[in-house]
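Structure first, then comments.
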Amino acid sequence: MVFPMLDLQERKKLSRLAEKNETPFFALSLERLKANEKKFLKELHSFFPKAQACYSVKTNPLPQVLKALGTGFELASLEELEAVKSKKVFKVFNGCCKREKELKEALKQEAIIIMDSFSELEKLIMLKKKLGLKKLEVGVRLNVESKFGIELREIPKFLASAEQQGLKVILLHAHPGAGKSLQEYRQFLQKVKKALPLHSWKFVDLGSGFPSFARLAEQNVSLQQYFQLVKEELGTTLLAEHESKGKELGTTFIFEPGRILVADAMFLVCKLHCLKELNNEKIAILDAGINVLQRIVLENFQFTPLIESNGAKSVVRLAGPLLFGNDWLGTTNSNLQEKDLIVVENVGAYCHSLAWGVSYKKPEVFLV
Ligand SMILES: Cc1ncc(COP(=O)(O)O)c(C=O)c1O
């Protein structure tokens, strides 16, 4: 596996943090976060110079993350809107359960509201009347998976209803779901393509679906290959990003990266408390388990001792501290001893927000 491994400097910083703080704890590397952002934007703008990136706040809404990023934001709740209130950047407000107070805050922050259903459209029309708004520009989510959005065949009806009520639909949104392969991503784009001739879209928001940089490296795939697919499947249809005599023509793409920006920018440092042997298997019990490292995060967590000791390595099965029989984390091939510190890589996406409060509190976050 090819992972962007922890370098020596990072290991030293984590060791210093571990001297002063109790494990388990998270360590956020703003350097890695900024480097990921730079890399993502560089690749994006080399394909689509005017494309807009809106970081998907739910992935990791820590204030330090939101402050460090220079992108726009994709938001899904009042809490997320509140968290980026002070940032005057490009915002889209998404979700399938928008409440009136959220719609009001989104309007206040001039976020483009993405409609998920006819029911929401009606509610927004009522709110527009109530607030006496003359014009309002909105988006619509195309159903490509799960419970989200509006079916392709219903889009013309949606557009007609919206326009009849004085709403201008300027944005088409779709999201393929998490961590898509190139083949799945092409299939997603082909679904989106069918909605393009239905309207003159000012923005086409393609959500995310990009695997983390760690996963891309592991699979020997590049981010460019994803953008190349967008260009092949949609670029020419839309004349996207083309300019004529200084006047903008065509459509601007929006992307909503989440895990690709944050997954490998955060580490978890935990401690090995107990080594035992059960049924001919070596087992190491750590002080963080599935309460912090949940499978639904869909990342490949990487476990290594913070300080690798010499001596014979052996395969050890890692388990967490919970009194749950399924609290297994993975395996490592190392020379492990009790009291060793173990670093878990790729925990920046969702792990902190999803951490349970069962038996133990959420680990603290430090900057590294
Ligand atoms: C609408 C939308 N956009 C963007 C994202 C971010 O996706 P990822 O973390 O896979 O980049 C999500 C994640 O669920 C999402 O629901």
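Number of residues in region 166-175 that are over 20 Å from the mean Cα position of the chain (by Cα) and within 15 Å of the ligand (Cβ to nearest atom): the value is 1.
Only one entry of LYS202, LYS147 meets the criterion of being in contact (Cβ under 8 Å) with a residue 24 or more places away in the chain, within 14 Å of the ligand (Cβ to nearest atom) and surrounded by fewer than 19 Cβ atoms within 10 Å (Cβ to Cβ), and that entry is LYS147. Per the conditions (1) farther than 26 Å from LEU367 by Cα; (2) in contact with a Phe, Trp or Tyr (Cβ under 7 Å, 6 or more places away or on another chain); (3) surrounded by fewer than 20 Cβ atoms within 10 Å (Cβ to Cβ), the sole criterion not satisfied by VAL89 is (1). Within region 88-115, being assigned to a strand (DSSP E or B) and either touching a residue at least 40 places away in the same chain (Cβ under 8 Å) or not assigned by TED's automatic domain parsing to the domain that holds ALA51 (or both) holds for VAL92, ILE112, ILE114, MET115. Remark: pairs (first residue in region 42-54, under 22 Å from VAL262 (Cα atoms); second residue at pLDDT 95 or above and of a type in the set (Asp, Glu); Cβ separation under 6 Å; 6+ apart in sequence or on different chains) = CYS54/GLU74; CYS54/GLU256.
Of all the residues in region 156-201, those that are part of a helix (DSSP H, G or I) and over 30 Å from LEU133 (Cβ atoms) number 11.
Pairing each residue of region 118-140 that is farther than 20 Å from ASP205 by Cβ with any residue that is of a type in the set (A, V, I, L, M), provided the two are 6+ apart or on different chains, yields C-beta distances under 6 Å for LEU127/LEU103; LYS128/LEU136.
Scanning region 6-28 for residues that are out of contact with any strand residue (DSSP E or B) (no Cβ under 7 Å at 6 or more places or on another chain) and either surrounded by 15 or more Cβ atoms within 10 Å (Cβ to Cβ) or among the hydroxyl-bearing types (Ser, Thr, Tyr) (or both) yields GLU10, ARG11, LYS13, SER15.
Only residues that are crowded, with 19+ Cβ neighbours inside 10 Å and over 20 Å from the mean Cα position of the chain (by Cα) were counted in region 178-194, giving 1. Restricted to region 176-199, and to residues that are farther than 17 Å from LEU159 by Cα and small (Gly, Ala, Ser), which residue is nearest to the ligand (Cβ to nearest atom)? Checking each candidate, the answer is ALA178.
The values are calculated or read from the model by the stated rules, or taken from the named source; none is laboratory data. Everything numeric here is computed off the predicted structure, so don't read it as measured data. Positions of Cβ are generated from backbone atoms using ideal geometry, with glycine treated the same way; all protein chains shown enter the neighbour counts.
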